[in-house]
1. Dipole size in debye (nearest 20) for the chain around its Cα centre, Lys and Arg Cβ +1, Asp and Glu Cβ -1?
2. How far is it, in nm, from the label point at residue 359 to the one at residue 437 when both lie 7 Å from their Cα along the line to the Cβ?
3. Just the number: Rg to Rh for the chain, Cα atoms, Kirkwood Rh, two decimals.
4. Among 247, 45, 343, which residue has its Cα furthest toward the positive end of the charge dipole of the chain, with +1 on Lys/Arg Cβ and -1 on Asp/Glu Cβ?
5. Under a crude label model (7 Å from the Cα following the beta-carbon direction), how far is residue 241 from residue 191 in nanometres?
6. What shape does the stretch 45-101 have by the C-alpha gyration tensor, where a ≥ b ≥ c are the square roots of the eigenvalues, rounded means a/c under 1.5, and otherwise prolate means a/b greater than b/c and oblate the rest?
7. How much area per residue is accessible in the chain when the probe is 1.4 Å and only protein heavy atoms are counted (Å²)?
8. Quick one: order 372, 453, 63 from most to least accessible surface, probe 1.4 Å.
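The values are calculated or read from the model by the stated rules, or taken from the named source; none is laboratory data. Computed from a prediction, not measured in an experiment: that's the story for all the values here. Methodologically, a virtual Cβ is constructed for each residue, glycine included, from the backbone with ideal geometry; neighbour enumeration extends over all protein chains shown. Each accessible area value is taken on the protein alone, full model and side chains, heavy atoms only, with ligands, DNA and RNA left out. Shrake-Rupley method; radii C 1.70, N 1.55, O 1.52, S 1.80 Å.
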Amino acid sequence: MLRPLYIAVVLASLSGPALAKSDLLTIYQEALLNSADLAAAEADALARQEALPQARAQLLPNIGLGAGVARERVDVEGLGSDSYSTHYYQASLTQPLFRADRWFNYQASKSLSEQARVEFSATQQQLILDVALAYFNVLRASDNLATARAEEAAFERQLEQARERFEVGLSARTDVLEALAGFDTARAARITAATNLDVSYQALTRLTNRDHTDLLGMSHNLPILAPVPADMQEWVETAAAQNLGLQASRLAIDAAGDSLRSSKAGYAPTVDAFVRYNDSYGGARLGGVGAGIGGMGAGGDTELTQFGVEMTLPLFTGGGTTSRVRESNFRLTQAEHTSEAELRRIVERTRNLFRTVTSSVEEVEARRQSIISSKAAVDATQAGYEVGTRNVVDVLDAQRNLFRAVRDYNDTRYNYIVDNLNLKQAAGTLSPQDLEDLSTWLKADYDPDRDFIPPFTPEEMQRMSIGNQPPQPMSEQQRRMRTSF
């Protein structure tokens, strides 16, 4: 089997007590054992690796046994006719001495077998990434739903406040309608977010063949760090040397080169050593009719043993050998260009992911600060609305900006995690240990409705309150203009 190492790593990491909520490593273990795609890839790899013993068999001795019985009738003019039975036993041993085509096929099968192993390892790496992507998509959708709920509740409170102010004559009916429209939009967004959460769970079900309802959340204390090493070129060089897809494409070149040599060997002679033994008895018995064929009136028992070396030189095969050589040349050219294209894609992907992860470090912090600024803006706008210097549209826009900032922060945080794993996959270094490292930052008591926004320091809380001093109230003339409908 090709999976024991991965299974052992995961089982070792799961030796602790079972948790009520599903965690990242538990889901990976279930996916490792239940993924239909991984099982299919394993069967394909094992089947392709059988090409090696099959090619080796073509270089080893071939031993065969045979036996038979035949009933014949002989009719000789002037002697009469007779019928008889012949029984024979035979054995043969053939040892290829010079079979260049088979030798190069054997070399090609080595590369193909190794290519199958490497491609299966790439499938295992992809499963790690698929599990992480599905897991964090659920967390992303869960946080988005919590954000949508909070936004809906905020807009509902704003609608109630607008109605109260309208009833006492402090605001226009337009404010109520604007608040109602904002609340309806938020409610629709919350319904969509709930659906998206249900949909995101299906990826986990597909991978593990089991339904999941609750996951451990990711702590906001997860370190957001630049890639190590910090040099892009080092990542590119590592990817060029270790990327599994690139390794497989290079093995395909080796296999295609040996296949070309095998095709060219079709012009060469073949030399085999052989030993053949044949034992037959029975024969024509015509003594009762005449003198018998050849003067013999009875059948006999014959043994024949042959051994030697035989050579075969193909002189003309109808153009088949030449065609196979041309085909193998084309296949080799295809493999070389495919590998070059794969290298370019890997270099491009590695560079882009390195830049993305590096920029995410600053972006996560910027998104966090955007929440602080947006929260301060909401408080200031709400205070202005209460004294009449801002209208309800300003308040709704400020609240939308706040919740958009929260969603952007969470999206950037989860993108950073997934992009980090993508970068390691491109470099060929992704392993279950990366999931184990991430799991140390999962929180058993994570509550999306409480933890969808990061905790703030006292200094950050102070920043939120800057500029929130009550503004000067409007004049009576301004108030009349604002409340007119």
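1. Taking the Cα centre of the chain as origin, the dipole is about 640 debye.
2. Each label point lies 7 Å from its Cα, and together they span 2.3 nm.
3. 1.32
4. 343
5. Placing both labels 7 Å beyond Cα along the Cβ direction yields 5.7 nm.
6. Prolate is the answer for the stretch 45-101, as a/c is 1.5 or above and a/b outweighs b/c.
7. Accessible area per residue, the chain: 53 Å².
8. Correct descending sequence by accessible area is 63, 453, 372.
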